[in-house]
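Written below as C-alpha cells is the structure these notes are about.
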Amino acid sequence: MNKTYYLIFLLFFAASYSSPGIADPVHVYEDFVGCFKNKTNISDKDLTDVVLSHTSVSYTPVLRAYIRNARFNTSSTPKPSVIVLPRVDSQVQAAVVCTKTLNLQLKIRSGGHDYDGLSYVAAVTFIVLDLSNFRNITVDMNEDGGSAWVQTGATLGELFYRIWEKSDVHAFPAGICPTVGVGGHVSGGGYGHMIRKFGLTVDYVVDATIVDAKGRVLDRKAMGEDLFWAIRGGGAGSFGVVLAFKVKLVEVPKTVTVFRVDRSSDQNALDMVHKWQFVAPRTDPGLFIRVLLASPTKNKTQTVNAKVRALYLGKANDVVSMMAKEFPELGLKIEDCKEMTWIQSLLWWMNHKDVEKVKTGCFTRKGTGLG
C-alpha cells in the first residue's frame, strides 16, 4: 500500500474511533448553572452548596470523600466538570434534565463502593450527582410485619441501625459492610450473610421512587412493572436516578450465633474445605458458612490456611450439634461460638472488639467495615 494512502487511512481510523474530547470545565459549569437555576429558582447562596465547580473549596473534599479505590484518587484521574449535591427531589430532577440538555454524562454516586470508579470517573465530559444528602430512613413496624423507606444516599449500616432502634428481632437481608450505599447495593441486586435464609436484597423491595430521563418523579405504579423490575438488579443508574426504596423487613431470632474456626494444612484444612463445598449449600438455611483461604509460607514451605466465619440464626448448642453430624471435619466446639443479637453480629463481622456497645458511630458513612 502507498505510504501516503496508508497514513491517510490511519488518521481517518484514529479520528473515527477516538473518544469524545473533554470540554472546558469552566464553560460546562457556566452552562449547567444557567440551566439549573432556570429549573429550580435556587438562590445564589444555596447554589454554592449544591452545585460545585473545580474552583469550589468543597469540590475536592466532596469528590474524595467516597472514593474507595486509591487508584482513582490521583491527579491524573479524570474529574467531573461539576459535582451536584442535591438536597431535595426537584434538584435531582433539574440535574437530570440539564445534563441531558447539555449532552453530558451523568454519574450517580451513593456510597462510592464501585471499586472500578464507575460512579465518579469517565472518559468523557461528565457530572457527578452525589446523593450523600439523601439519607432519610423511616421505619414502620406497624405495616405488614415491618417496612422502611430508605433514601439511596443512606448506607446499609445506617439502615441496620435505624431498624434496630425500632426492633431487635427484625432485620434487612443485605451486605455486611456498613459503608456500602443503599442505592448501589440494592440496584445491583444485593446479597449478604442471610442469603440462604432470605434470598437476595431485591426480593424485599416493594416500592421505589425514581427520576426518569424526562425528569419525572415516579413511584412503582407510575413507572410500571418493567422499569421497577429493571432497577432491582439491573443497575438503576442505567434507567434513571432512584431517590428511595421501600423495603420489607424480615424477622430474626432474638439470639443468633457466630463462630470462627481456623485450620492450617497440618490440621486437615484441605479436607475441611473439600467437605465444606458439599455441606454449605445443603445445610440448614439459617446457617451461612464462609471460608477464606490463604497461602502463607511456614518454615520456608508454602502452606494453606482456611478461616471459617459463620452466622447461625439460632442458639449455639443447636449449631454445634448440627455440625457434629453434618460436618465433623470442622471440629466445631461450643467455645468457638458466641451468642448475641443480630445487630451485634454485624459488629462481630466488622471485627469490632466490643460487640456489646451498639453505637450510632459504628454504622455511619464513615464506620469501619470489611469493605
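Derivation of every value follows stated rules applied to the coordinates shown; laboratory data play no part. Not measured: the values here are computed from a predicted model. For neighbour counting, all protein chains shown are included, and Cβ atoms are generated from backbone atoms with ideal geometry for every residue, glycine included.
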Quiz prompt | Sorted by Cβ density within 10 Å, fewest first, the residues Arg263, Arg64 | solution = Arg64, Arg263
Quiz prompt | Centroid-to-centroid separation of the range 162-194 and the range 289-344 [C-alpha atoms, Å] | solution = 23 Å
Quiz item: Taking a label point 7 Å from the Cα of Asp207 along the Cα→Cβ vector, which residues of the range 126-161 have an amide N closer than 19 Å to it?
Solution: 135-154
Exercise. Anything in the chain that counts as a DSSP H helix reaching 20 Å or more along its axis (C-alpha) with Kyte-Doolittle mean of at least -0.5? List them, would you?
Key: 3-17, 25-40
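When a footprinting reagent is the concern and you count Cβ atoms within 10 Å, what order do Asp44, Asp262 take, fewest first?
Asp44, Asp262
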Self-check item: Separation of the Glu356 and Asp144 label points, Cα + 7 Å toward Cβ, nm
Solution: 4.0 nm
Quiz item: Tell me, Val304, Val202 in order of fewest to most beta-carbon neighbours within 10 Å?
Solution: Val304, Val202
Quiz prompt | the chain, relative contact order [Cα under 8 Å, separation at least 6], % | solution = 14 percent
Quiz item: Which whole number of Å³ per residue matches the convex hull of the alpha-carbon atoms in the range 256-340?
Solution: 84 Å³
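To the nearest 500 deg cm²/dmol, what mean residue ellipticity at 222 nm is calculated for the chain from DSSP H runs of n ≥ 4 alone, each contributing -39,500 (n - 2.57), summed and divided by the residues? The partial results should precede the final answer.
Numbers: 13 runs with 119 residues, N = 371.
So the helix-based figure for the chain works out to -9000 deg cm²/dmol.
Could you compute Rg(Cα) / (2.2 N^0.38 Å) for the range 28-87, with N its residue count? Present the calculation step by step, with values, prior to reporting the outcome.
Numbers: Rg = 12.7 Å, N = 60, 2.2 N^0.38 = 10.4 Å.
Here the Cα radius of gyration is 1.22 times the empirical estimate.
How long are the semi-axes of the equivalent ellipsoid of the range 217-371, defined as square roots of 5 times the Cα gyration tensor eigenvalues? Whole Å, largest first. Intermediate results must be reported in sequence, preceding the final value.
On the way: eigenvalues 262, 81, 67 Å².
For the range 217-371, the ellipsoid semi-axes come out as 36, 20, 18 Å.
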Practice problem: Using only Cα atoms, locate the centre of the range 28-56 and the centre of the range 59-115, then give the distance between them in Å, rounded to an integer. | Solution: 14 Å
Practice problem: Could you tell me, in Å, what Rg and Dmax come out for the Cα atoms of the chain? | Solution: 24.7, 82
Practice problem: Output the Cα-based Rg and Dmax of the range 137-251 in Å, rounding Rg to one decimal and Dmax to a whole number. | Solution: 13.3, 42
Quiz item: Distance in nm between label sites at Lys275 and Asn73, each 7 Å beyond Cα in the beta-carbon direction?
Solution: 4.3 nm
Quiz item: What is the extension gain from Asn41 to Lys214, computed as 0.36 nm multiplied by their sequence separation minus the C-alpha to C-alpha distance, in nm to one decimal?
Solution: 60.4 nm
